[in-house]
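Undergrad: Shown below is the structure under consideration.
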Amino acid sequence: MRWLAGVVVVVALAACVGLVMARRAQVPSAERGRRLAERTGCFGCHGPGGLRGANNPGRTDKTVPNFQDDVMMYAKTPEEIHEWIQNGVTRKKAASITWRADRDRGTLRMPAFKGRMTEHEIADLAAYVMAVSSMTESGDSLAAQGLRRAEDLGCVGCHGPGGRLARGNPGSWKGCIPSWDGADFPELVRDSTEFRQWVEHGVSRRFDRNPLAAFFLRRAAVKMPAYERHLRDGDVPALWAYVTWLRSGASRDGDRRASP
């Protein structure tokens, strides 16, 4: 019977490992970038979340650029954001005598992170900057309307800019608020019907009827609100169109703002 006891132990351990893996959040690129920015001191100069640049005496623009409003003055494409992070400047700016003189008068300078970050880390940080700056926009009018309504309804307050972050949520199943473009999203939302249930009622029928899921939903510090009373006609299809566009990869590979 010892072999049977051994099998039971192995099965139990496998079940425990499976449970641990199931509860491990698959963090999306933009969220990894946000956490990296926190660890590497980016927010020291660019402000909390990259939203409020520090004063920079000597510079014409007076402050360090923030990610939300100022990025497009310095980087027109994702590739240029990558250059800023990697080299501390883009080739275009480096070729400008006027810009170099202005930089030299400033107190704070953008450091080059080449050799301090891997290419994957730089890509993650660029993804966060792009999310905050809204550099990627859908060419689909319905998806664009969905993003506007997500902002109006406050969805991006929890899910982050563009719904692309995974901020902490103590007590929840995976310990974070799911991003709309993350690998965990399909576990929560299988189709447009379940999406409508989450938006309108704050929970899908499938999760509401699952005792384990219901337990973690009740225990979570941040709970999904029910928006049914606050929705306009057409809101849910527009929101779903935006999420579908976001998850298609178009937000990273296409539909980019054209460079002026």
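Undergrad: Using helices alone, I'd like the mean residue ellipticity at 222 nm for the chain: each DSSP H run of four-plus residues gives -39500 (n - 2.57), total over residue count, nearest 500. Don't skip to the end; give the middle numbers.
TA: Numbers: 16 runs with 141 residues, N = 260.
Mean residue ellipticity at 222 nm (helix-derived): -15000 deg cm²/dmol.
Undergrad: Further question on the same structure: Eigenvalues of the Cα gyration tensor times 5, then square-rooted: what semi-axes does that give for the stretch 119-254, in whole angstrom, largest first?
TA: So the equivalent ellipsoid measures 24, 19, 13 Å along its semi-axes.
Undergrad: Taking R0 as 22 Å, what FRET efficiency do you get between Lys223 and Arg35 from their Cβ-Cβ distance, rounded to the nearest 0.05? Before the final figure, lay out each step's value.
TA: Numbers: r = 23 Å, r/R0 = 1.06.
Efficiency, from the Cβ-Cβ distance: 0.40.
Undergrad: With angles folded into 0 to 90 degrees, how steeply does helix 78-87 sit against the dominant principal axis of the chain? Use alpha carbons for both and round to 10.
TA: The answer is roughly 70 degrees.
Undergrad: Please tell me the relative contact order of the stretch 69-139 in percent, rounded to the nearest whole number, where contacts are Cα pairs under 8 Å and at least six residues apart.
TA: Reported relative contact order: 41 percent.
Undergrad: Just the number please: accessible area per residue for the chain, 1.4 Å probe, all protein chains included, in Å².
TA: Dividing the accessible area of the chain by its residue count gives 57 Å².
Undergrad: Net charge around Met117, counting only other residues with Cβ within less than 11 Å of its Cβ (Lys, Arg = +1; Asp, Glu = -1)?
TA: Net charge in that neighbourhood comes out at 0.
Undergrad: Among [x] 39, 25, 16; [y] 38, 20, 16; [z] 25, 23, 19, only one was calculated for this model; which label is it, if the read-out is semi-axes √(5λ) of the Cα gyration tensor in Å?
TA: Answer label, from the structure shown: [x].
Undergrad: Any idea what the dipole of the chain comes to, in debye rounded to 20, about its Cα centre with Lys/Arg Cβ at +1 and Asp/Glu Cβ at -1?
TA: Working: 39 positive and 29 negative charges, 161 e Å.
Charge dipole of the chain: 780 debye, to the nearest 20.
Undergrad: Name the residues of the stretch 112-136 whose amide N is less than 16 Å from a point 7 angstrom out from the Cα of Ser248 along the C-beta direction?
TA: 136
Undergrad: Ignoring ligands, DNA and RNA, what percent of the 1.4 Å accessible area of the chain is carbon and sulfur? Intermediate values should be presented prior to the final figure.
TA: Numbers: 8350 of 14700 Å².
That fraction is 57 percent.
Undergrad: Any idea what the relative contact order of the chain is, in percent, if you count C-alpha pairs under 8 Å spaced at least 6 apart?
TA: Once divided by the residue count of the chain, the mean separation gives 21 percent.
Undergrad: Further question: For labels at Ala213 and Arg167 in the simple 7 Å Cα→Cβ model, what's the distance in nm?
TA: 2.5 nm
Undergrad: Give me the Debye-computed log₁₀ of I(q)/I(0) at q = 0.27 Å⁻¹ for the stretch 189-236, equal point scatterers on Cα only, no solvent, two decimals.
TA: -1.03
Undergrad: For the chain, with the dipole built from +1 on Lys and Arg beta-carbon atoms and -1 on Asp and Glu ones, taken about the Cα centre, which of Val71, Tyr242, Ala112 lies farthest toward the positive end?
TA: Ala112
Undergrad: Which whole-number percent gives the relative contact order of the stretch 127-260, counting Cα pairs below 8 Å spaced six or more residues apart?
TA: About 35 percent, as a whole number.
Undergrad: Find how many whole Å separate the alpha carbon centroid of the stretch 120-190 from the alpha carbon centroid of the stretch 215-241.
TA: Answer, in whole Å: 14.
The values are calculated or read from the model by the stated rules, or taken from the named source; none is laboratory data. Here the structure is a predicted model, which means the values were calculated and not measured. Counting neighbours? That spans all protein chains shown, and the Cβs are built from the backbone with ideal geometry, glycine included. Please note that ligands, DNA and RNA were not included when accessible areas were found on the heavy atoms of the full protein model with its side chains. Shrake-Rupley method; radii C 1.70, N 1.55, O 1.52, S 1.80 Å.
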